[in-house]
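Worksheet: the structure to be examined is printed underneath.
The values are calculated or read from the model by the stated rules, or taken from the named source; none is laboratory data. Worth saying up front: this structure is predicted, and the values here are computed from it rather than measured. Glycine gets a Cβ as well: all are built from the backbone with ideal geometry, and neighbour counts include every protein chain shown. Please note that ligands, DNA and RNA were not included when accessible areas were found on the heavy atoms of the full protein model with its side chains. Shrake-Rupley method; radii C 1.70, N 1.55, O 1.52, S 1.80 Å.
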Amino acid sequence: MRSCQHCWALALALALACTPKEPNGTTQASESDPSASVSSGDLGSTGSTGNTGSTGNTGNTGSTGSTGSTGSTDSTGNTSSTGSTGSTGTTTGQLESCGDGIAEAGEVCFQDAYVEDFSVSSLRVVDFDADGHLDLVGVTATLCPDVLSGDSFSAGPSSPPPGGALREGSALLNLNVALGDGTGSFAPPTTLQPPFDHPSQGGLAVADFNGDGHLDIALFAFDSLNLALLIVAGDGTGALTSVDVQTVDFDQTGDIEHGDLDGDGDPDLAISSAGGVRVLINDGQAHFTTLMIAEDPERRYSRPYLHDRDADGDLDLLILRDNSPMDLLTFEGNGDGTFSEGTALAFPGNISDIGILDPATGDRPSVLVSYYDTQAQAYRLDALEIALNGTLAAPVPISGSSAARIAIGHFDGESRPDVLLSREKSAQVFLGTADAWPALPLELPWLEVINSNRPLGVGDLNEDGVDDLVEMTFSTRLLLSNP
């Protein structure tokens with residue numbers, strides 16, 4: 001029944017999001033935030049908070065939480081969504097010891113919950129309001145289907161609406177923030193709709209880009225045919241206060257990652273796209289200078305991964321290069337925002353994910369590469385140990401692996417990092433142990449991952465010392481640890 005509920009919820013959300021606003025309408029300030037009405041050019045505070053979902057009885061599937069009250073809407077489109085976190089339910093097929101409150105080595109236990117009205121295509125798990133509890137920050141685009149062309153929706157008018165007002169026949173960029181309380185529950189999400197058609201496919205980065213001590217959001221978005229960098233400022237309370245739109249000298253982008261690439265203490269950006277890899281160097285006030293570090297018009301680059309592989313204090317870069325063959329490229333950071341290209345390792349199939357397990361064997365980290373072996377017609381996981389000088393050893397196949405997405409965290413009561421591999425309808429986990437890694441995988445057929453095409457978010461949402469998972473579905477699904 002949940003999948004049907006999600007379809008109805010998505011249809012209702014689509015209808016509401018695509019309903020044009022009155023052009024000169026006024027808004028009522030929220031009771032919880034009397035400053036919710038804003039002047040032109042500001043984004044305003046969030047709307048009123050909905051009620052928390054009631055807790056259902058234990059069962060195969062958690063029942064849906066009660067619906068929160070509707071939040072107010074300001075003239076810029078910053079709204080508080082209805083609904084709240086649904087109640088949890090026990091997933092069948094787990095160990096009998098699950099649920100006793102004692103986290104033990106080798107015991108992997110999860111229970112389902114849902115964050116209603118929080119449907120996103122890209123996600124970050126961070127403490128966005130600096131209260132010590134992890135929150136969810138996501139982005140998506142909602143298509144307004146008033147113009148139908150063949151089997152796809154037209155984007156409608158190409159000119160941007162004044163002040164970010166909604167229009168029919170467009171794709172609406174939505175930034176969503178759901179604040180956590182440390183128990184695995186979340187307040188009803190607030191949504192910001194900047195005046196842009198849709199985000200780039202690469203998602204978003206969250207860091208203090210403008211140097212004011214509060215987390216901000218960086219993402220690329222399209223306004224008609226133009227690509228721009230958006231820096232959405234946070235105020236430390238979870239509210240989004242302003243949008244700085246910056247033009248860029250390129251017309252497409254892909255995945256985005258952040259890190260201090262030039263050693264000046266502020267976060268920079270590494271981005272991938274069709275045709276090349278770029279870094280955007282931050283001046284400390286969220287203004288960026290673009291540097292091209294790799295270019296090939298015939299190839300597509302994706303999944304930048306920043307890590308100090310050679311332990312010299314400078315971040316290095318791993319990135320995927322598509323087309324046949326599919327390569328894993330290494331770049332060594334020079335500490336000034338530039339990079340020296342290293343090796344290109346070809347894999348016999350399509351790489352679906354990469355990660356770094358630190359430590360993996362002994363005290364050395366390893367790069368993990370999940371890919372679909374086109375000859376064997378099966379998913380594989382290879383480990384490439386990182387040498388002291390940062391070079392990668394030859395790939396070593398991990399016996400028993402068979403999944404697409406990599407999630408690294410602490411999923412049992414043992415302190416060493418674990419590797420969870422997810423695939424459609426099931427998953428497996430390689431647990432960190434005192435013995436040589438990896439041991440044989442622990443199969444988790446009861447986990448039933450719904451969408452293995454998207455990465456899982458990882459973090460201790462309920463603060464029990466064991467990491468939880470966040471899956472991006474129609475309503476964001478939480479897999480909360482339940483030792």
Checklist entry - What net charge do the residues around D296 carry, taking every other residue with its C-beta under 15 Å from that of D296, with Lys and Arg at +1 and Asp and Glu at -1? => result -1
Checklist entry - Once label points are set 7 Å from the Cα along Cα→Cβ at both V245 and D283, what is their separation, rounded to one decimal in nm? => result 2.1 nm
Checklist entry - How large is ³J(HN,Hα), in whole Hz, for each residue of the range 390-402 in order, when computed from phi with the Karplus curve 6.51 cos²θ - 1.76 cosθ + 1.60 and θ = phi - 60°, using x for Gly and Pro? => result x, 6, 9, 6, 4, x, 10, x, 9, 5, x, 7, 6
Next on the checklist: Tell me whether the range 406-483 comes out rounded, prolate or oblate; compute the Cα gyration tensor, take square roots of the eigenvalues as a ≥ b ≥ c, and use a/c under 1.5 as the rounded threshold.
Outcome noted: oblate
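With r as the distance between the Cβ atoms of L95 and K425 and R0 = 25 Å, compute the FRET efficiency 1/(1 + (r/R0)^6) and round to 0.05.
0.80
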Next on the checklist: Leaving ligands and nucleic acids out of the surface, order L215, L420 by accessible area at 1.4 Å, largest first.
Outcome noted: L215, L420
Checklist outcome for this item: Taking R0 as 51 Å and r as the Cβ-Cβ distance between T343 and W446, the FRET efficiency 1/(1 + (r/R0)^6), rounded to the nearest 0.05, comes to 0.80
Next on the checklist: In the range 270-313, whose amide N lies under 18 Å from the spot 7 Å out along Cα-to-Cβ of N323? List them in ranges.
Outcome noted: 272-278, 293-303
Next on the checklist: I need the shape label for the range 371-434. Rule: rounded when a/c is under 1.5, else prolate if a/b > b/c, else oblate, with a, b, c from the alpha carbon gyration tensor.
Outcome noted: oblate
Next on the checklist: Not counting ligands, DNA or RNA, and with a 1.4 Å probe, what is T237's accessible surface area in Å² rounded to the nearest 10?
Outcome noted: 90 Å²
Next on the checklist: I'd like the accessible area for R364, computed on protein heavy atoms only with a 1.4 Å probe and all protein chains in place. Round to 10 Å², please.
Outcome noted: 50 Å²
Item to check | Label-point separation in nm, N389 to D308, each point 7 Å along Cα→Cβ | outcome: 2.0 nm
Item to check | Accessible surface ranking that places the most exposed of M326, M292 first, with a 1.4 angstrom probe | outcome: M292, M326
Checklist entry - With every protein chain left in place, what is the accessible area of E257 in Å² (1.4 Å probe, nearest 10)? => result 40 Å²
Item to check | Hz values of 3J(HN,Hα) by residue in the range 470-483 - Karplus curve (6.51, -1.76, 1.60), Gly and Pro given as x | outcome: 10, 10, 7, 10, 4, 10, 3, 9, 9, 10, 8, 4, 9, x
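Work out how much length A378 to A105 would gain on full extension: take 0.36 nm times their residue separation and subtract the Cα-Cα distance, in nm to one decimal.
Here the answer is 95.3 nm.
Suppose R0 equals 56 Å. What FRET efficiency, 1/(1 + (r/R0)^6) with r the Cβ-Cβ distance, do T290 and S415 give to the nearest 0.05?
0.85
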Next on the checklist: Treating only the Cα positions of the range 260-383 as identical point scatterers, give the base-10 log of I(q)/I(0) from the Debye formula at each q in 0.20, 0.21, 0.22 Å⁻¹.
Outcome noted: -1.14, -1.21, -1.28
